[in-house]
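To start, the structure under review is shown below, and the notes come after it.
The values are calculated or read from the model by the stated rules, or taken from the named source; none is laboratory data. Predicted model, so just to flag it, every value in this text is computed and none were measured. Don't worry about glycine lacking a Cβ; one is built from the backbone with ideal geometry, like all the others, and counts go over all protein chains shown. For accessibility, only protein heavy atoms count, side chains too; no ligands or nucleic acids. Shrake-Rupley method; radii C 1.70, N 1.55, O 1.52, S 1.80 Å.
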Amino acid sequence: MWRVKPLDAILATAQKKSLHRSLGLFQLTLLGIGGIIGTGIFVLTAEAAQKAGPGMLISFIIAGFVCAVAALCYSELASMVPVSGSAYTYSYAVMGEFIAWLVGWALILEYAVAASAVAVGWSGYLVGLLENSIGVVIPAALANGPYAGGVINLPAVVIAAAVTGLLVVGTTESATVNAVLVAIKVTALTLFIVLALPLMKQENFAPFAPLGTPGIIGAAASIFFAYVGFDAVSTAAEETKNPQRNVPLALIGSLVICTIFYILVASGAIGAYGAQPLFAADGVTHLAPGSRALADQCANIAAGAQQPLVCSKEALAHVLREIGYPSVGNLLGLAAFLALPSVILMMVYGQTRLFFVMSRDGLLPAVLSKVHPKFKTPHVVTMVTGVGVMVAAAFFPVGSLADISNSGTLFAFLAVSITVVLLRIREPNRHRPFRAPLVWIVAPVAGIGCIVLFMFLPPAAKLVFPVWSGIGLLLYFAYGFRNSHVGRGIVEVPETAPDAPPTEAQAIGAPKD
């Protein structure tokens with residue numbers, strides 16, 4: 001189970017059974033922005049405020065820094081191995097099949113669970129938009145899962161089904177729709193910044209860290225979800241033109257753009273409205289985000305009083321309504337309603353491509369890597385993933401889903417930071433179109449950052465990860481271990497030395513002379 005699949009074999013397999021290359025740098029960067037900007041900033045700002053208060057501004061910076069150093073590691077690996085699979089593929093080539101399976105299984109928590117969380121966040125904006133703009137109230141039983149006293153979150157199910165159908169149709173079509181949705185999101189956030197920043201008040205930043213440093217780091221662990229999605233760019237490498245150049249640029253570019261937006265939006269929300277957490281009756285006990293105690297305290301706030309940010313399911317729209325821009329708040333709610341599906345699209349996209357590669361390697365049934373004869377997409381695995389996303393979105397709260405997703409993401413990022421160092425040691429002469437700067441510092445910092453953020457996740461999220469990994473190992477030994485193509489000797493390695501520059505067949509999509 002420690003067997004590896006050499007990089008040359010990975011490239012040869014991808015060449016034989018690959019996906020259509022249709023994405024350029026602009027489309028790929030927009031996919032990254034579309035995957036990043038979403039529920040994390042539109043919804044989970046309230047969750048971060050409950051943990052860190054105004055200190056969530058530092059939380060965004062911490063989470064963004066960890067993602068930045070991880071992105072440099074991702075960029076080096078993605079430029080060398082421009083195929084689908086992301087951290088799973090890199091781990092397979094360096095640390096072996098067992099670790100690769102654990103990474104791939106953890107990425108399910110990142111992509112599929114994140115898609116479910118965004119679907120729930122979108123549902124909250126839809127409910128608020130209908131109620132505040134045209135007075136239509138969706139029954140609570142159909143707008144909330146059992147966690148909030150409802151039956152099923154029907155809007156979340158509907159949007160997950162719609163995105164799944166779009167991805168079955170085709171990648172280029174999905175990227176085009178994503179570009180439009182990204183433009184809507186960026187416009188909405190820019191409008192929020194323009195209106196909120198001039199109304200900033202210094203007193204809204206005090207106390208800056210009501211729950212101290214643990215609260216800030218704990219919020220960073222949760223708000224880390226706001227950055228999840230940039231690594232899905234590497235998963236799209238196999239469908240990218242000139243991936244050695246475009247994938248690193250899209251990874252880093254999308255992350256930088258989104259980080260700037262996050263800091264400005266968080267500053268505006270805190271300064272114009274305030275972001276102090278609520279406490280229990282004794283004024284000391286902290287109320288956990290998503291808890292019944294917090295919900296009860298929000299419900300008991302006197303009518304006419306300023307409703308705290310932490311009580312809103314549509315944080316940014318709520319801020320604009322409360323600072324004197326109700327119409328613009330409704331427009332921002334409309335923008336979120338229109339644009340959040342792009343994040344669901346990117347998450348489901350990443351998940352299906354991961355399943356596609358694991359199936360292509362024999363670790364999952366071959367039917368999952370079947371490509372539609374007309375649409376040229378992995379339609380079977382897309383539909384299977386879509387059903388899973390719909391079920392989770394129907395019955396679980398957004399905050400819990402986000403924290404669970406973070407646990408899988410942090411493990412994958414840790415694996416990438418280790419992989420890039422091991423590959424530098426084992427194959428120092430291999431051609432690297434992009435080299436991570438100061439890798440002996442950057443990679444360890446990325447790994448340590450991931451471990452620290454994981455330790456500050458809520459206990460339930462930390463518990464889910466080992467349980468989920470145990471389930472994955474049962475499936476691996478029941479099917480993947482016996483059917484692995486590497487284990488059965490089904491690998492194709494080109495007749496070129498490992499340290500030679502890549503041929504056109506190996507450097508899939510490399511520019512021609």
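Scanning the range 344-376 for residues that are part of a loop (DSSP other than H, G, I, E, B) and modelled with pLDDT of 80 or more gives 361, 362, 363, 364, 365.
Selection of the range 362-379 for residues being open to solvent by 10 Å² or more (accessible area, probe 1.4 Å) and closer than 19 Å to residue 485 by Cβ yields 364, 365, 366, 367, 368, 370, 371. Which one of the conditions (1) open to solvent by 10 Å² or more (accessible area, probe 1.4 Å); (2) within 13 Å of the chain's Cα centre (by Cα) does residue 41 fail to meet, given that it meets all the rest? The number of the failed condition is (1).
Filtered by the rule that a residue be among the aliphatic types (A, V, I, L, M) and either in contact with a Ser or Thr (Cβ under 8 Å, 6 or more places away or on another chain) or surrounded by fewer than 21 Cβ atoms within 10 Å (Cβ to Cβ) (or both), the range 404-413 gives a lone residue, 412.
Residue pairs whose Cβ atoms lie under 6 Å apart, sitting 6 or more positions apart in sequence or on different chains, and linking a residue in the range 330-346 that is under 18 Å from residue 318 (Cβ atoms) to a partner that is outside any helix (DSSP H, G or I) and open to solvent by less than 10 Å² (accessible area, probe 1.4 Å), are 340/38.
Would you mention how many residues in the range 332-361 are aromatic (Phe, Trp, Tyr) and open to solvent by less than 20 Å² (accessible area, probe 1.4 Å)? Within the range 332-361, residues that are aromatic (Phe, Trp, Tyr) and open to solvent by less than 20 Å² (accessible area, probe 1.4 Å) number 2.
Look through the range 88-102, keep the residues that are of a type in the set (A, V, I, L, M) and under 16 Å from residue 424 (Cα atoms), and return whichever of them is modelled with the highest pLDDT. The qualifying residue modelled with the highest pLDDT is 95. Selection over the range 180-205 of residues that are out of contact with any helix residue (DSSP H, G or I) (no Cβ under 6 Å at 6 or more places or on another chain), at pLDDT below 90 and open to solvent by less than 50 Å² (accessible area, probe 1.4 Å) gives a count of 1.
The residues of the range 414-454 that are open to solvent by 50 Å² or more (accessible area, probe 1.4 Å), under 24 Å from the mean Cα position of the chain (by Cα) and without any contact (Cβ under 8 Å) to a residue 60 or more places away in the chain, listed by number, are 444, 448, 451. Hey, any hits in the range 286-294 for a residue that's over 30 Å from residue 417 (Cα atoms), modelled with pLDDT of 85 or more and surrounded by 20 or more Cβ atoms within 10 Å (Cβ to Cβ)? Taking every residue of the range 286-294 in turn, none turns out to be over 30 Å from residue 417 (Cα atoms), modelled with pLDDT of 85 or more and surrounded by 20 or more Cβ atoms within 10 Å (Cβ to Cβ). Taking the criterion of being surrounded by 24 or more Cβ atoms within 10 Å (Cβ to Cβ) and more than 17 Å from residue 48 (Cβ to Cβ), the only residue of the range 393-403 that qualifies is 393. Exactly one residue out of 75, 123 is more than 28 Å from residue 313 (Cβ to Cβ), over 14 Å from the mean Cα position of the chain (by Cα) and either open to solvent by less than 20 Å² (accessible area, probe 1.4 Å) or modelled with pLDDT of 85 or more (or both): that is 75. What about residue 411, is it among the hydrophobic types (A, V, I, L, M, F, W, C), touching a residue at least 12 places away in the same chain (Cβ under 8 Å) and outside any helix (DSSP H, G or I)? Criteria not met by residue 411. Here 144, 153 are screened, and the one residue that is crowded, with 19+ Cβ neighbours inside 10 Å, in contact with a strand residue (DSSP E or B) (Cβ under 7 Å, 6 or more places away or on another chain) and either of a type in the set (S, T, N, Q) or modelled with pLDDT under 80 (or both) is 144.
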